[in-house]
Structures are given as structure tokens and as C-alpha cells.
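One structure below.
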Amino acid sequence: MRTPAGQNRIAWLVLGAAIATSATWLLLAGYGLSFASDDLFYYAHFVTKDGVNVPTHGLEWFLAPANGHLTVFGKLIYEALFKIAGGGNYWVFQAFNVAGIMTCVVLFFVFAKRRIGPIPALVPCISLLFLGYGWEAFLWAFDMHTIYALAFGLGALLLLERSDRRGDLGACVLLVLSIGMIELGLAFALGVALIVLLRPDRWRRVWVFLVPLVLYAIWWLWSRKFDQSSIALSNVRLFPKTVTDSLAAIAGSVFGLNPTGPGVPQPLTEITAWGAVVAGIAVVALVYRISRGKVPGELWAFALVALGYWGLIALGARPADSSRYIFAGTTLVFFVMVSALRGVAISWKVVAAAACLVAIAIPANVQKLYDGRLPQLVDGKNGRVEYAMLDLARGHVRPGYAPGRDHLVGEAGGATFTALEAGDYLRSAAEIGPIGFSPEEVSEQSPSLRRIADLSLIGALRLKPVKAAPPPEKEGCRLLRPKSKSAPAEVALPPGGALVGAPGAGFATIGLRRFADPGAASYELVRVGKEGWAEVRIPTDAAPEPWFAVATAPAYVCPLP
């Protein structure tokens, strides 16, 4: 049998390899994702006042609540990363988030190996590193608020174990940082308070948790003017269900029992009976362990942190099985588990069996992560295409236009969860950098996305035909002769636009396309015929792709006079 020092070295090597594998996997899985949803509120520096999003800068921006949350340090991180990476490098934000996840796992390992030994501690660490049911925290950089609140909170509890002045000061600072990321830090403040109050020197150490709580209370009173609170005390009735649902979702995720694949809502874990049964067995085992006595006080502290976290979820009436809560909830449950097993001899057979169960659960977790990745990818690409068109339309688009709210864009499969108006987007693009694709990147997207690009740009430019007289001479004009309605004819428009009309007494519908494929459904711009000709003026921009006039009946396309 290897010495404890040898086991420790082996465990660190295995953990390092697992961390490298997990981090690489998550960064590759995040390839192609972009700013979406709440990310865009930070990009546009929005603060919600009286239900209206308004751009704000300075101290008010940093301290203003985001959906009712204190997120001052998350905003500071985003601002720093925007300065470093601009708006076109979302992977930098994702890498920072992934670094936070790895930090949480390392902190857990440091804690767990002191209680149950380094080799047994690896098993829950591997589970956390590949917990794909928590995909939202893994792939969406904005969830760094929860990830770093968790990391700072765990760090505070570890520093508190030093039982010296420096440890207390560090724990206090980390609690401030944790609460300033998001309210998960309040749950850690409860745990720290219990640990401190159970010690004989409690009264000279209460400042460790009181300072962060007082600072939060001051902010909370100030933030009432924004009327954003997402907490309702009446929701306390949801607490029992939130706890049971959270435990069932976590158990089902850890053991790969929750459903995956088409038809399963991506943001949720779809609690199953098997997950509930496993959670029930775990609770019974915990009660049995407590009944045997000699339970370390830290067990109650970690249980209080977990219950406090679920209490916040309940008060906000959030779905307990949401993917964004799985990683943090599982980490806290694992801390309770490790504390309960402190001093219990764990045989190699038990470790091997637990490792096998974790390995068996990994494929389902991987599948769930890719289930969640798909809608994030679609939303991100839609946004980057639509914002690329706002970049091209700069100087011509009206400030209130948002492709994400354009019904034609929506009917084509576009629109984003959070739609920035052109004025807000272009202001942010000038300050931070654009987040849209380049014209070359737009040309490389799928046919459906390129059609969305055309419709977004047409809406941004408000392309409207104007009645015009036919040219006196047809010199320089092109006569389009489509073979049939299903095989339209098209021609590249001259820079700046064209005159269009139909020969003789015929009629012709003229469509427009630019990035969309030839033969794809084009935007029907105007019908010409007996009512005369039409003039179409199109501002030039930086994209090399020309506009094409598309006709399903014979039609003239002539240069503008």
C-alpha cells in the first residue's frame, strides 16, 4: 500500500489530468457561442428603471441591481474583459468562467482530501468536472457570477479553518467578494456565522460575517429605488419543494439518470423517479450518520449553506431543477457528504464502486451539455448575424430598429432572446467593439442564417421602392427572362441601386437578395407593371457582396439616372 504522501501525489496528478481534459472539453464545446441574454445587458450597460432599460455609466452602473441581484464584481470582471478582449472574443469570457469552475473543484479537493483522503476525494471531483447537466454554468460565461460566488465562498470557509487573524481577514474579504458576485454569497455568510458562533471566541470574531452582511444590507436599502426585487417572502411556501426537487435533480445528474436528447427542455433536468429515490436514500444515510453522533460542526455549517442557497431559489420562485443551479448545488451537497464521512474508513472497494458509477454517468452528462449547447449556439449565431447587419447599416439605420423584433426576421427563424436596438448596439460597438460577424463570416454561415442577414439588413435600411418614370432609353438596362416562376432570373444591381420595370403590359415581382443563396426565397420588394416603374436606392457599405434583383417574370433592371 502506498504511503499517504504517495497517494497525495497520485491524486494530484490524476486531478490535474482530469482538469485539463474537462477544461479542454468545455472550451471546445463553447466554440461558436456568443454574447446572449444577460450578457447583452452588460454589453449595452443597461440598468432597468421603472421597467425600462436605459444605458448608464459610472458608479451607478456598477452598483445598480441586475434582475434584483447585486453583481458589482461580475460587472467589474466584464468591464476588464471587455477592455482586454473587446466584443468579438467571447471565448475569453468563457475561459475565465471555466477557470472559475476548475478553481471550485480544486478547493473542494483540498477540503475533501483532509476529511476522507486524497484518492476517495477524486471521485466527487471527477463527477463535478463532467457534470454536463449543469451545462448552463459550464457554457454560458454570464454564470461566472454563480461560479465565482461559489469559489469565493468555499475559499472563505477554508481560510476560516486557519483560526488566526489572517485567516479571519481573508475569509471576510472573500465573503464580500462572494456576496458581490451574486446572493449565493449570503448562504456562505450563514455558514460562516454558524461556524463562528459555535466557537468559544465567537464575540471577537463576529465581524467576519457581520461586515459582509452589513455592507449587503446597505446596498439592499439603496437599491430599492430600482424596484427590481425578485424575492418575495410569500414564496417561503415553496421551500420544501425546492429542497426535494433540488436533491432529486442533483442525484439524477450525478448518476446520469435524468433524461437527455430531443424533446427534453434544455434549461431543466427533468426530475425522474430514480433521481428522487437516490436522493431519498442519501438523505436517510445522512440521518443515520447523524444519529450515530460525533458529527463535526462543519457538517451543520455546510448543510446551512446548501439550505440557504435553496432558500434563495425558493424565494425567487425559480425552478429548482434549472441547469444553472446544478453545479453549485452539487458542490454544496458533496461538501455535506464529505463532512459526514469525516473519520469514516472508506474501503478501496467502495471507492472503486463509486468511481464506476461516476464513469457510467459521464455519457449522459456529456449528452446533456450538447443538448443545452444547441439553443445557445442558435441564439448566438442569430445575434451575430443580425448585429453584423447593423454594423453595415451604420449611419442609415434608425436607432429604434432591432432585427430581433422584426417580424420578417422572426418568421425566417431569426430573432434573439434579448434584442438590442440599433442605437444601443452601435453605441456599445463603438465603445467596446462589435459583436457581429464580419461580412466574410456572414458569407460562411448556413443558408437560413444568410437569409436572416438579408432580411435584417433590408429592415435596417428600410428599403422602400419609389415610383419613377421609365428611362428614356433602355441602353445599359438588363432584361431578365426567367424560365419559369420556380426558376427566377436575377442580376447584380449597380452600386447604389437601380430602376426596375416590366416590359410592355406585363407585370413582374422584383425581389432582393444579397447573402442568401441563388434560388432561395428572396425578399419581395415591389410589383411593377401598368402602374409604372420603381426606383430602388440602396446605400453602399463595406461588404463586397452585391445586391441582386430577382424576377419571376420578364423585367428590366436599369442603372439609376
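Return the whole-Å distance between the Cα centroid of region 489-561 and the Cα centroid of region 136-163. Computed from Cα coordinates, the inter-centre distance equals 57 Å. Once the chain from ILE290 to ARG527 is taken as fully extended at 0.36 nm per residue, the excess over their C-alpha distance is 77.3 nm.
Candidates VAL378, LEU257, ALA171 compared by Cα position along the dipole of the chain: farthest toward the positive end lies ALA171, with charges placed on Cβ. Rounded to the nearest whole Hz, the Karplus-based 3J(HN,Hα) values (6.51 cos²θ - 1.76 cosθ + 1.60, θ = phi - 60°) of region 440-453 follow the sequence 5, 5, 4, 5, 8, 7, 5, x, 5, 5, 5, 5, 4, 4, with x at glycine and proline.
Arranged from fewest to most other beta-carbon atoms within 10 Å of their beta carbon, TRP12, TRP348 become TRP348, TRP12.
Mean sequence separation of contacting Cα pairs (under 8 Å, at least six apart), scaled by the length of region 95-199, corresponds to a relative contact order of 25 percent. Against the longest principal axis of the chain, how steep is helix 72-85, in degrees 0 to 90 to the nearest 10, with axes from Cα atoms? Helix 72-85 and the main axis of the chain meet at about 50 degrees.
In summary, the lysines within cross-link reach of LYS349, defined as a Cα separation below 22 angstrom excluding same-chain residues under 8 places away, comprise LYS113.
Listed from fewest to most Cβ neighbours within 10 Å, the set TYR325, TYR523, TYR78 follows the order TYR523, TYR78, TYR325. Computing semi-axes √(5λ) of the Cα gyration tensor in Å directly from the structure and comparing it against (1) 99, 36, 17; (2) 46, 28, 25; (3) 57, 25, 19 singles out (3).
Length gained on full extension, LYS83 to LYS225, computed as 0.36 nm times the residue gap minus the Cα-Cα distance: 48.1 nm. Summed over qualifying helices (DSSP H, 4 residues or more, each -39500 (n - 2.57)) and divided by its residue number, the chain shows a 222 nm mean residue ellipticity of -18000 deg cm²/dmol.
Using R₀ = 51 Å, calculate the FRET efficiency as 1/(1 + (r/R₀)^6) where r is the Cβ-Cβ separation of ASP50 and ALA355; round to 0.05.
Plugging the Cβ-Cβ distance into 1/(1 + (r/R0)^6) gives 0.40.
Taking 4.7 Å between C-beta atoms as the pairing limit, the chain has these partnerless cysteines: CYS104, CYS125, CYS172, CYS356. Remark: region 255-260, residue by residue, has Karplus-estimated 3J(HN,Hα) of 9, x, 9, 7, x, 9 Hz, where x stands for each Gly or Pro and the curve is 6.51 cos²θ - 1.76 cosθ + 1.60 at θ = phi - 60°.
Rounded to the nearest 10 degrees, the angle from helix 144-160 to the longest Cα principal axis of the chain is 20 degrees. When only Cα pairs below 8 angstrom with a gap of at least 6 residues are kept, region 3-100 shows a relative contact order of 26 percent. The modelled label-to-label distance between LEU560 and ARG427, using points 7 Å beyond Cα along the C-beta direction, is 3.0 nm. Once Rh for region 467-558 is found with the Kirkwood sum over Cα pairs, what is the Stokes-Einstein diffusion coefficient at 20 °C and 1.002 mPa s, in µm²/s? Approximately 163 µm²/s, per Stokes-Einstein. Alpha-carbon geometry of region 246-351: the Rg and the Dmax are 14.9, 48 Å, given in that order.
Taking the alpha-carbon centroid of each part, what is the distance from region 201-239 to region 420-469 in angstrom? Taking the Cα centre of region 420-469 as reference, the centre of region 201-239 is 44 Å away. Would you mind pulling out the separation of the Cα centroids of region 71-110 and region 392-407, in Å? That distance is 31 Å. Using C-alpha pairs under 8 Å with a sequence gap of at least 6, the mean separation divided by the residue count of the chain gives a relative contact order of 15 percent. Placing +1 on the Cβ of every Lys and Arg and -1 on the Cβ of every Asp and Glu, with nothing else charged, gives the chain a dipole about its Cα centre of roughly 1500 debye. Note on HIS407, HIS145, HIS45, HIS396: ascending count of other Cβ atoms within 10 Å places them as HIS407, HIS396, HIS45, HIS145, the fewest first. Maximal additional length on extending the SER443-TYR370 stretch stands at 23.7 nm, based on 0.36 nm per residue less the C-alpha distance.
Each reported figure results from applying straightforward, stated rules to the coordinates on display, with no laboratory input. Note that the structure is predicted; figures quoted are calculated from it, not measured. For neighbour counting, all protein chains shown are included, and Cβ atoms are generated from backbone atoms with ideal geometry for every residue, glycine included.
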